[in-house]
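Below is one structure, written out as structure tokens; comments come after it.
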Amino acid sequence: MRIALFITCVNDTLYPDTGRAVVRLLERLGHEVVFPEAQTCCGQMHYNTGYRRDAQRLAIRFVTAFAGTGADAVLAPSASCAAMIRDNHPRLAEEGSRLARAAAELAPRVYDLSELLVDVLEVTDVGAYFPHTVTYHPTCHGLRLLRLGDRPYRLLREVRGLELKELPGAEECCGFGGTFAVKNPDVSAAMGTDKARGIASTGAEVVCAVDNSCLMHIGGTLRRERAGVKTVHLAEILASTEQEPARV
Amino acid sequence: MSGTFIGMPAFPAAARRAVQDAQLRHNLRKATHTIRGKRGEAVGELDDWAELREAGRAIKDRTLRHLDRYLEQLEERATAAGATVHWAADAEEANAIVTRLVRATGEREVVKVKSMATQEIGLNEALARAGVTAYETDLAELIVQLSDDFPSHILVPAIHRNRAEIREIFVRRMAEWGVPAPEGLGDDPRELAEAARVHLREKFLTAKVAVSGANFAVAETGSLVVLESEGNGRMCLTLPETLISVVGIEKLVPTWADLEVFMQLLPRSSTGERMNPYSSVWTGATPGDGPQDVHLVLLDNGRTDTLADRVGRQALRCIRCSACLNICPVYERSGGHAYGSVYPGPIGAVLTPQLRGVQGPAEASLPYASSLCGACYEVCPVAIDIPEILVHLRERVASGPGHAAERAAMSAAEAVLGDHRLLNMAQRAASAARGAVPRRLPGPGAGWTDTRDIPDIPPRPFRDWWREHEKERARGDGPGAAGGRADREGGER
Amino acid sequence: MTGSRERILARVRAALSDVPRGEAAEDVRVPRGYRRAHGQGPALDLLADRLEDYRALVRRVPAAGVGEAVAEALRRRGASRVAAPDDAPEEWFASCPAEVVRDAPLGEGPPLGVAELDAVDGVVTGCSVAIAETGTIVLDTGEHQGRRALTLVPDYHLCVVRAGRVVDSVPEAVARLSPALPQTWISGPSATSDIELQRVEGVHGPRTLEVLIAE
């Protein structure tokens, strides 16, 4: 299958390892990955902060970059970006506009990693090996907008060597929330601290999620508190094999 | 209350104080988690909850889209049943109407059923200025009134107080308002509830005038409905001679049969009970039973402005259950007072700026008082997409004055993100300077670094690696050649 | 006042300028895919269970045994003087140990005053409808129920529920009721959760609710 990768601006700039893991994983599974160079950002930050027009320009940019790839699916290894594209790009468009048509055409083929694997590629055992204790944080947009449900857990349960720990208060927001984290730093930090405590209480070595921006907030809190728990994107766990294990 | 809310600091500053108050954090956490669990059980008992929610949403939308017709119908039916209907465009007018009605009775005291609408308009303060004392009779409202406090929750206005604090308030203040607290009062909730019973009993049995709100107003029949738990509502709605109900124009439902939906949605969402202990339904005045002088004050006070906004109007579906407060991780930590309004929590964050406008700094800060986690939307029994309205209101705020700097920064960010070559240049510049990033950032960035580390910047962005990967692939190194290296290039998050 | 009425209605209409002129209220579709009843169990069992869950006292008695059951309940309660609606059946009080104070029929003499109601040891009434799945009894001042104050001021309410009055669900109850008469829906004794969300029974309404389900 031909899969277009929308790396997302955050992963591109700050978490290239996640992108490399995605490429490695999909190529290992025998699929072709393409990367439209003109891609940049889905516009989520602008949209959620109230800058609709900026977001609209970025949405046009996105659909233009991905319209002609001939790919069967578009993978966005960030649940909130995938949700932004699926739910909000069509809303951003003027009725009957070119953006509206292109967004409506593209949106149903945009997936988060766990959806792509479980629903489209119909695989849960990706041959991964990750000999660590892991707890999974279901990010809000993965949970409530994409409704990922048990998909990430099904993938993690098939990983050899991995011991999955249940996260108390899993469905509570970590407190990131994009610009919320700096506009309401005290509440955001309080939420992050509680999330970090929940994670630490599991005794897991690693906390995993499908969104690096939430992990940036959680990881930043864990590091500040010297909790000794690492944050790892789901892709990096699934890309890890016995021959080439991910370094944690 | 609302009058005194005005002038409170914007949300972030108010929330900071709450976050630092360990006792408050403990009280709120305990209370919200308790009620979350109860709601979950009560909702889980009904396998058609999704269908009820969808019907609730649609009934409210039907009402709102044809509100003029339903208001006229309500007026006609209530009047035919013996009620007098009044219309109040704003708080001032509503207060004037109620004050005039109370004065006409010659009474100087009224008993009150807990009502959000009368808090919103600051009725107690207006009555006090006219020499009329209003006695709050709901236990939590009594606690708030006795301690000159503000309500911090729609359903449980004293949720921020624990039993020890409530005992202290009763001991210190009850005597000033009437029957004093009993000697040796302990802090067991049973004892405290009993003290409230004794304190208010005489007021109920002698009151001549009562003021209430209503949970629902049935257009088809002119009936009003009040849901409650303690029986203070029944006392106020039954024993006095005069009953004045202040009702927001969005409280209407078209038909009596529509209540079959809301009488399931509201109790289970609100207190997490299958049914609240008491609900009262009355239609005008009934000869020989209950108040004979019955008034209905229909209140606008910003609701028509809200109705005019096609995205924001869904907030008027709200049936004030408070499920969104109880589930909200922000409310749990900031408490209700930080919202600077009688409507706290997620629904307050979308209602207050619409009812009052976004010109004030407190109102302008409310649409940002959310991480957009979406939990509120999920539990809302009438499916108000609160995150959607929050984003919509942010747009309104961001286009106003005071956001020029942010607007410029966002526009600059968009310029960079709008062109992959500029983005790549910026990424490379960041990578080149990766060793020089300070642990503490200045300006707005300090909000992040005060409590969180910033991630290490990787030596190169993904797209630079991809180019190399493509070349390797083209050279025939086989799929995943460059990707085969499992070691991380990036640092810690 | 008339000014505000017109102003508010005009503002409402202006706010709804996007609603097509020809649209009627009924054109806004209300999907009613919810259930008329949930089938959570046999109605009388469910009613008893749900009433007890909210701390009401419940006894199931044969229809012919209501008088005896009332007498026993009042004896247990130690009630020597109870109020009752003017039309309460004689047989309820056939073996009653307590003095029964009947309210005056509507329009015939003064009704029982608040002070009198405050002085009795309880009140005995019937009900209009009882909802099994929520443990709710509904009074609508109709047959055997009397005025609203009657069941409000006394501290003890003994309610006789005939099996024929029991419905499964809220929609079934709403369909049987008419709001032309004032209603009181009662689910257990009065309660509050205002202190730390801990439920405490017994505030301003009757602190004890006892229900006799007559089969």
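Here, segment A:96-179 has an Rg and a Dmax of 16.0, 52 Å when only alpha carbons are counted. Once all Cα-Cα distances of chain C are split into 10 Å bins that start at 0, what whole-number percent is in each one? Pair shares across the bins are 8, 28, 29, 15, 12, 6, 1. Evaluating 6.51 cos²θ - 1.76 cosθ + 1.60 at θ = phi - 60° for every residue in segment B:329-337, the Karplus couplings come out as x, 6, 4, 4, 9, 8, x, x, 4 Hz, glycine and proline recorded as x. Each eigenvalue of the Cα gyration tensor of segment B:95-254, multiplied by 5 and square-rooted, gives one semi-axis; in descending order these are 27, 18, 15 Å.
In Å, the Kirkwood hydrodynamic radius of segment B:225-329 over pairs of distinct alpha carbons? All intermediate terms of the calculation are to be shown ahead of the outcome.
Working: mean 1/r = 0.0636 Å⁻¹.
After inverting the mean inverse Cα-Cα distance, the result is 15.7 Å.
Taking a point 7 angstrom from the Cα of B:Arg475 along the C-beta vector, which residues in segment A:15-44 have backbone N less than 11 Å away? Flagged as within label range: none. Over every Cα atom in segment C:121-215, the radius of gyration and the widest Cα-Cα span, Dmax, amount to 13.3, 40 Å. Rounded to the nearest Hz, the phi-derived 3J(HN,Hα) couplings of segment B:340-349 under the Karplus curve 6.51 cos²θ - 1.76 cosθ + 1.60 (θ = phi - 60°) are x, 7, 5, 9, x, x, x, 5, x, 5, where x marks glycine and proline. Normalised by residue count, segment A:2-120 yields a Cα convex hull volume of 91 Å³ per residue.
Computing FRET efficiency as 1/(1 + (r/R0)^6) for C:Arg162 and B:Gln292, where r is the C-beta to C-beta distance and R0 is 35 Å, gives about 0.65. The distance between label points at A:Thr124 and B:Arg440 comes to 5.0 nm (points 7 Å beyond Cα on the Cα→Cβ vector).
Largest GNM mean-square fluctuation among C:Ala73, C:Ala180, C:Ala64, using chain C with Cα springs under 10 Å: C:Ala180.
Beyond 32 Å between alpha-carbons counts as too far, so tell me which of A:Lys195/B:Lys251; B:Lys38/B:Lys251; A:Lys195/B:Lys60; A:Lys183/A:Lys230; B:Lys30/B:Lys208 fall in that bin. Before the final figure, lay out the partial values.
Values: A:Lys195/B:Lys251 38 Å; B:Lys38/B:Lys251 26 Å; A:Lys195/B:Lys60 37 Å; A:Lys183/A:Lys230 26 Å; B:Lys30/B:Lys208 39 Å.
Over 32 Å Cα-Cα: A:Lys195/B:Lys251; A:Lys195/B:Lys60; B:Lys30/B:Lys208.
Between A:Thr133 and C:Arg81, the simple label model (points 7 Å from Cα in the Cβ direction) yields a spacing of 7.1 nm. For the protein assembly as shown, a Kirkwood radius taken over Cα pairs fed into Stokes-Einstein (20 °C, viscosity 1.002 mPa s) yields D = 71 µm²/s.
Compute the Cα gyration tensor for segment B:122-199, then decide on rounded, prolate or oblate, letting a ≥ b ≥ c be the square roots of its eigenvalues: rounded whenever a/c is under 1.5, prolate when a/b is larger than b/c in the other cases, and oblate in all that remain.
Working: a/c = 2.27, a/b = 1.39, b/c = 1.63.
The shape class here is oblate.
Using the Cβ-Cβ distance between B:Glu378 and B:Arg310 with R0 = 25 Å, the FRET efficiency computed as 1/(1 + (r/R0)^6) comes to roughly 0.65. Simple spin-label estimate for B:Glu72 and A:Asp87 gives 3.9 nm between the two label positions (7 Å along the Cα-to-Cβ direction from each Cα).
Within the P(r) computed for chain B, what percentage of the Cα pairs occupies the region above 33 Å? Don't skip to the end; give the middle numbers.
Working: 55770 of 121278 pairs.
When every Cα pair of chain B is considered, 46 percent fall beyond 33 Å.
Computed over chain C, the per-residue total of -39500 (n - 2.57) for DSSP H runs of n ≥ 4 gives a 222 nm mean residue ellipticity of -7000 deg cm²/dmol, rounded to 500. Each of B:Tyr339, B:Tyr368 was scored by other Cβ atoms within 10 Å of its Cβ. Listed from fewest to most, they are B:Tyr368, B:Tyr339. When C:Ser128, B:Ser431, B:Ser370 are arranged by Cβ crowding within 10 Å, least crowded first, meaning fewest neighbours, the order is B:Ser431, C:Ser128, B:Ser370.
So, R0 is 41 Å and r is the distance between the beta-carbons of B:Thr133 and C:Ala64; what FRET efficiency does that work out to, to 0.05? Could the numbers behind the result be given before it?
Working: r = 54 Å, r/R0 = 1.31.
Approximately 0.15, to the nearest 0.05.
Counting Cα-Cα pairs of segment B:404-484 in 5 Å increments starting at 0 gives whole-percent bin shares of 3, 12, 14, 15, 20, 15, 8, 6, 5, 2, 0. As an equivalent ellipsoid, segment A:66-134 spans semi-axes of 30, 13, 8 angstrom, where each value is the square root of five times an eigenvalue of the C-alpha gyration tensor, largest first.
Karplus-based coupling profile of segment A:85-101, in residue order and whole Hz: 5, 6, 8, 9, 4, x, 5, 6, 7, 6, 4, x, 6, 4, 4, 4, 5, with θ = phi - 60° in 6.51 cos²θ - 1.76 cosθ + 1.60 and x standing for Gly or Pro. Label zone (B:Ala13, point 7 Å along Cα-to-C-beta; backbone nitrogen cut-off 20 Å) within segment A:175-194: A:180-189.
Based on the convex hull around the alpha carbon atoms, segment B:48-170 presents an average projected area of 10.8 nm².
Counting other beta carbons within 10 Å of each residue's own, what order do C:Val138, C:Val101, C:Val123, B:Val416 fall into, fewest first? Don't skip to the end; give the middle numbers.
Details: C:Val138 24, C:Val101 15, C:Val123 28, B:Val416 18.
Lowest count first: C:Val101, B:Val416, C:Val138, C:Val123.
From largest to smallest, the equivalent ellipsoid semi-axes obtained for segment A:133-239 from the alpha-carbon gyration tensor read 22, 16, 11 Å. Using the alpha-carbon positions of segment B:346-395, Rg (one decimal) and Dmax (whole number) come out as 10.3, 30 Å.
All of the numbers you see were taken from the coordinates with simple rules; none came from a lab. Since the model is a prediction, treat every value here as computed from it, not as a measurement. Note: ideal-geometry Cβ built from the backbone for every residue, glycine included; neighbour counts use all protein chains shown.
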